[in-house]
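To start, the structure under review is shown below, and the notes come after it.
The values are calculated or read from the model by the stated rules, or taken from the named source; none is laboratory data. Quick caveat, the model's predicted, so the values are computed rather than measured. Backbone-built Cβ (ideal geometry, glycine too); neighbour counts: all protein chains shown. Heavy atoms of the whole protein, side chains included, go into the accessibility calculation; ligands, DNA and RNA do not. Shrake-Rupley method; radii C 1.70, N 1.55, O 1.52, S 1.80 Å.
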Amino acid sequence: MKTHGFRVLGLLSGTSVDGIDVAVAELHAEDGTVVLTPLGELDVSFTAETREAVLAALPPNPSSAEALTVLDTRVGQAFAEAAAQGIAEHGPVDVIASLGQTVYHWVDNGVALGTLQLGQPAWIAERTGTPVVADLRIRDITAGGQGAPLASTLDALWLRGLAEETGEAVAALNLGGIANITVVGESDTVLAYDTGPANALLDLAATRVTGGEQHADVDGKLALAGTVRRDLLDRLLADPYFAAAPPKSTGKEHFHGAYLDAALAGLPPLTPEDLLATLTELTAATVAAECRRHHAATLVVSGGGMRNPAVMAALARSLPGVALRTSDDLGLPGAGKEAYLTALLGWLSWCGVPATLPSATGARGPRLLGALTPGAHPLNLPAPLGGTVDRLRVTEVGARR
C-alpha cells in the first residue's frame with residue numbers, strides 16, 4: 001500500500017549553537033517502508049546577540065525565568081524566519097517539525113528526568129501559517145526513556161537493510177556538539193546513546209585559544225599541528241560517563257568550560273595546538289571504543305564534525321579495519337541529516353506512528369511524540385497510517401515511484 005506524500009520541513013539548532021538547520025523532504029509510506037526524498041536544506045545563522053544569549057543560558061551558567069522567557073521568544077522568532085526562508089527556497093509544506101534549541105537535559109544518576117528546548121513553536125506557526133509539531137523529546141522521558149538520541153529512529157529504519165545485506169553491524173555516528181551513535185544489526189534490537197563530546201569541548205577550546213576570533217577549529221588546523229597529551233587525555237577518559245552502560249545521554253550541562261578547567265588543573269601548560277589535538281583524540285577514542293564494543297564493521301558519519309579533517313583522521317586511525325562512510329555516500333546529505341531526522345519525526349507523529357525505539361532510549365515502549373500547534377487553519381490530520389514501518393529508503397527527486 002502506498003500512502004499520500006506529505007512535504008515536511010524540519011528545524012533544529014544543535015548543542016554547538018552554530019545556527020539553525022533547515023531541511024525540506026517529501027515522505028510517504030510504501031508497504032512498511034518510509035520513502036524520504038530530500039528536497040533541499042540550508043543553514044541559517046543566529047544573530048551574534050542571540051547566539052551569545054543561548055550560550056550564556058547553558059549550564060553551569062546561572063539563568064532566570066526572565067532570561068529563559070526572552071530567549072524562548074527570540075529563538076522562536078529566529079526559527080520562524082528560518083522556516084519561512086526554507087519555504088521560500090523549497091516550496092510550501094504541509095507541516096513543520098521543530099526540535100528547538102536544547103538548553104538543559106536533566107539527568108540524575110543516569111536517569112533522564114526532564115528536558116528543556118527553547119524556540120516557542122507558536123512563532124513558527126504564526127509566521128508561516130503552517131501547523132508545527134514540537135516538544136519531541138519529553139514524551140519518551142515520561143515513559144522512562146532518555147529522550148535521546150532520537151537519531152536512532154532514522155538510523156534504524158535507514159541502515160537495517162545494509163546490516164542485513166552485509167551480515168555485520170553498522171553504526172551511525174552523528175558528530176554535533178555531542179557525539180551519538182546508533183548500532184544496527186540484523187536483529188530488531190537497536191542500541192543508541194551519546195558517547196560523549198564531539199564539538200562541544202573542541203569549540204570551547206578553539207574560542208578560548210583564539211581569543212574569540214574563531215568558534216571552532218576550522219579545518220582542524222590547530223589539532224593537526226599539535227600532539228596528543230596523554231596526561232590530559234587519560235584524565236578525560238577517566239570520566240565515569242564513558243564507562244556507564246547505555247542507554248545514556250549527556251550534553252553541555254556536563255561537558256562545559258568548568259569541566260575542561262578541572263581536567264587541566266595542575267597539569268603542565270599545553271599549547272593551543274596540543275589542547276585541540278588532545279580533545280580531538282578524546283572524541284575519536286570514545287567513539288572508537290563503542291564501535292569496538294559492538295563489533296561495528298561500518299561506520300556512517302554525519303554532522304558538522306565530519307567536516308573536520310582532524311576528527312575524521314583520528315577516527316580512521318582509531319578504527320583500523322572499519323569501513324568509514326559518510327551519510328552523503330548513502331544518499332542523505334550529512335550536513336542536513338539531523339534536520340531530515342526532524343522532518344521524519346514530524347511525519348511519523350503527523351501520521352500517528354510512534355517515533356521512538358525503546359531499545360535505544362530505554363523507554364517502556366514506543367510513544368507518539370510531540371505537541372501540535374495549529375497554523376492559519378484548523379488542524380486537519382490525516383487518517384492514522386496503521387501498522388508500523390520498519391525500513392527507510394532515500395530517493396532522489398524524479399526517482400520516486
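Between helix 337-350 and the chain there is an angle of about 40 degrees, using the helix long axis and the longest principal axis of the Cα atoms. Judged by the mean number of other Cβ atoms found within 10 Å, the most tightly packed of the peptides 242-254, 75-87 leads the ranking 75-87, 242-254. Listed peptides 306-313, 198-205, 355-362 appear in the order 198-205, 355-362, 306-313 once ranked by packing, highest mean of other Cβ atoms within 10 Å at the front. Within the accessible area of the range 235-343, the carbon and sulfur atoms contribute 59%, probe 1.4 Å, all protein chains present. Relative protection proxy for 97-103, 389-395, 59-65, from highest mean packing down: 97-103, 389-395, 59-65 (other beta-carbon atoms within 10 angstrom). Rounded, prolate or oblate: which one fits the range 214-253, using the alpha carbon gyration tensor with axes a ≥ b ≥ c (rounded when a/c is under 1.5, else prolate when a/b beats b/c, else oblate)? The shape class here is oblate. Between the range 11-67 and the range 275-323, how far is it from one alpha carbon centroid to the other, in angstrom? Measuring centre to centre over Cα atoms gives 24 Å. Taking a ≥ b ≥ c as the square roots of the eigenvalues of the Cα gyration tensor, an a/c ratio of 1.5 or more together with a/b no larger than b/c marks the range 1-152 as oblate.
Quick check: from the Cα gyration tensor, does the range 223-315 come out rounded (a/c under 1.5), prolate or oblate? It comes out oblate by the Cα gyration axes.
Note on the range 1-109: with neighbouring protein chains present and a 1.4 Å probe, carbon and sulfur make up 52 percent of its accessible heavy-atom surface.
Looking at the chain, the accessible area is 40 square angstrom per residue; that uses a 1.4 Å probe and ignores ligands, DNA and RNA. Neighbours of residue 330, meaning other residues whose beta-carbon lies under 15 angstrom from its beta-carbon, give a summed charge of -1 when Lys and Arg score +1 and Asp and Glu score -1. For the range 239-248, 3J(HN,Hα) computed residue by residue from phi via the Karplus equation (6.51, -1.76, 1.60; θ = phi - 60°) reads 4, x, 4, 5, 8, 5, 7, x, x, 7 Hz, glycine and proline entered as x. Within the chain, DSSP assigns beta bridges of which about 65% are antiparallel (rounded to the nearest 5).
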